[in-house]
1. Say we join alpha carbon atoms closer than 10 Å with springs in a Gaussian network model of the chain; which of Asp230, Asp60, Asp155 then has the biggest fluctuation?
2. Any chance you could run the full-extension gain for Gln209 through Ala237? It's 0.36 nm times the residue separation minus the Cα-Cα distance, nm to one decimal.
3. Only counting other Cβ atoms within 10 Å, I'd like Ile97, Ile17 sorted with the fewest neighbours first.
4. Kirkwood Rh and Cα-based Rg: tell me the resulting Rg over Rh for the range 4-151, rounded to two decimals.
5. With springs connecting C-alpha atoms under 10 Å apart, model the chain as a Gaussian network and identify which of Gly122, Gly94, Gly212 has the largest mean-square fluctuation.
6. More than 16 Å apart: what percent of Cα pairs in the range 99-168 qualify?
7. About the Cα centre of the chain, what is the dipole size in debye to 20, counting +1 per Lys and Arg Cβ and -1 per Asp and Glu Cβ, all else neutral?
8. Relative contact order for the range 111-216: what is it in percent, counting Cα pairs under 8 Å that are at least 6 residues apart?
Amino acid sequence: MPTFGFIGVGELARYTIDGLRHGNHAGPIVLSPRNRDHAVWLSANRDCRIAADNQEVVDDSDIVILATRPAQCLEALSGLRFRPGQVLVSVVAGVTIARLRQASTGDVEIVRAMPVSSAAVGASPTLIYPRHDAVAALFECCGKAIAVDAEQHFDQGTILACVYSWYFALFETLIESTGGPALPRATAAELVLGMARGAAELALARSDQTPGEIAAQIATDGTFSRLGLDRLERERAFDAWREACELLRERLEGG
């Protein structure tokens with residue numbers, strides 16, 4: 001069973017480690033000492049060991065996960081000595097393999113990955129590039145690993161890791177809009193979240209149809225579903241989502 005080491009112990013590392021343990025990974029996990037509060041909590045609650053420094057993380061790990069902020073990742077790699085056969089997995093958005101390789105030393109294999117916080121409960125669809133069996137197995141503990149064959153595909157797909165957070169804001173809006181004296185908030189929340197999960201499950205199961213085609217089958221003329229969807233389309237509600245995605249794409253390409 002491989003030893004995983006984390007350089008950078010923020011929220012991303014924390015929910016990935018939660019996912020590993022949730023997915024029954026019982027192997028060693030080594031943490032960098034920075035962000036001491038998170039490291040101490042993970043050591044006490046997720047059976048992790050805190051290293052003296054980043055080089056010790058590299059020395060004691062088979063797969064090293066780089067989980068710093070984008071502005072800090074290249075500096076964190078500088079001077080670290082990797083050995084042949086090791087794998088460096090970057091979960092840092094917007095930093096290419098070429099830039100990571102320039103900052104690292106040694107014959108290390110580099111893979112990019114983009115888990116989201118649902119990894120903590122084993123439900124993250126995690127994009128990886130390039131295809132790598134051991135890295136895919138790591139993220140299968142956290143949900144499902146989805147490999148792509150080109151780095152530009154990975155960069156485009158990372159936009160969805162940001163869109164993921166927008167879903168929660170949408171869920172909150174729907175809960176606030178449908179809850180009230182006649183429907184307790186807790187019940188509204190259960191319905192909103194359950195229907196979101198149900199919609200996703202149906203779309204995944206009907207892979208021969210697009211989600212738009214499924215929507216058209218449900219929201220037919222004369223239904224309340226069509227009434228609301230027509231209003232959203234008239235107000236160009238979905239255009240704002242497209243524009244926000246385009247903004248992220250431009251920023252990622254510019255980075």
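Values in this text are rule-based calculations from the coordinates and carry no lab data. Since the model is a prediction, treat every value here as computed from it, not as a measurement. Neighbour counts run over all protein chains shown; Cβ positions are idealised from the backbone, glycine included.
1. Looking only at Asp230, Asp60, Asp155, the biggest GNM fluctuation is shown by Asp230.
2. Values: separation 28, 0.36 × 28 = 10.08 nm, distance 2.29 nm.
Working it through step by step, the gained length comes to 7.8 nm.
3. Values: Ile97 16, Ile17 27.
Listing Ile97, Ile17 from fewest to most nearby Cβ atoms yields Ile97, Ile17.
4. Details: Rg = 13.8 Å, Rh = 14.9 Å.
My calculation of the ratio gives 0.92.
5. Gly212
6. Result: 51 percent of Cα pairs exceed 16 Å.
7. Values: 24 positive and 32 negative charges, 72 e Å.
Magnitude of the dipole: close to 340 debye.
8. Values: 102 pairs, mean separation 17.9, N = 106.
So the answer I get is 17 percent.
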